[in-house]
1. Once you put a point 7 Å from the Cα of Ser5 and another 7 Å from the Cα of Asn46, both along the Cβ direction, what distance in nm separates them?
2. Rg(Cα) of the chain divided by 2.2 N^0.38 Å?
3. In degrees, nearest 10, range 0 to 90: what is the angle between the Cα axis of helix 25-41 and the longest Cα principal axis of the chain?
4. Can you tell me the Rg and the Dmax, both Å, for the Cα atoms in the range 3-104?
5. Step through the residues of the range 44-59 one at a time and calculate ³J(HN,Hα) from phi using the Karplus curve (6.51 cos²θ - 1.76 cosθ + 1.60, θ = phi - 60°), rounding each to whole Hz and writing x for Gly and Pro.
6. Quick one: what do you get for the range 107-179 if you divide its Cα Rg by 2.2 N^0.38 Å?
7. Amide H of Lys146 versus every other amide H placed in the peptide plane: which residues, excluding those fewer than 5 positions away on the same chain, fall under 5 Å?
8. What angle, in degrees between 0 and 90 and rounded to the nearest 10, separates the Cα long axis of helix 3-21 from the longest principal axis of the Cα atoms of the chain?
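Only the coordinates and a few stated rules stand behind these numbers; no lab work does. These numbers come from a predicted model, not from an experiment. Positions of Cβ are generated from backbone atoms using ideal geometry, with glycine treated the same way; all protein chains shown enter the neighbour counts.
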Amino acid sequence: MLQGSLIAKRYAKALFDLALEMNVIEDVKNDMELVQSVCDSNSEFNRMLKSPVIRSDRKQKVIEGIFKGKISDLSLRYLSIITRKKREDMLKQIAGEYIIAYKKFKNIFTIHFESVVEISDDLRKQVIALLEERTKANIELNEEIKKELVGGFVLKYDDYKYDASIAYMLRRLKKEAAEVNLYKREL
């Protein structure tokens, strides 16, 4: 495990525990989704957070200017603490780890579903129902269209992957065909 992700998990856990104690985990989750969204969409903001030249108090003013009035006071104070501790470059990771902790607490599994075409509502409901039955959890299905799969689908969750795509089957067939020795005579 990377040192940075371990630190981000610890900071996120501290925030989650505090939010749970104050009974505001939903509000803080929404705040962390906004923080993550800003980090994803604004490369200048990310550069500013990572810059060793810009002082922490200046970074704190920028963070306050962006998020004040848009996130809860608890989350804003927390971002201030992160900045004072010089961990602002990990803001996106911490927000992501908080969301993971929230989903784990709420028993929500995020499943990534890749296919060549968009699936119908009927099939989507069937996939979600099947996965909910198997995992005994609430399923959040993220769909992605990938033409390179040729056909079929790929399901991903955490470290698990179920690849039922035609592209995978073709690669496997090609590998198996390459292993066949045409010159070896079998009796």
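1. About 1.7 nm separates the two model spin labels.
2. Ratio of Cα Rg to 2.2 N^0.38 Å: 1.40.
3. Tilt of helix 25-41: around 70 degrees.
4. Reported Rg and Dmax, both Å: 12.5, 38.
5. Computed from phi, the couplings for the range 44-59 are 5, 4, 4, 4, 4, 4, 8, 6, x, 7, 7, 6, 4, 5, 5, 4 Hz.
6. The range 107-179 yields a ratio of 1.23.
7. Sorted by chain and number, the residues that satisfy this are Ser115, Val116.
8. For helix 3-21, the angle is close to 60 degrees.
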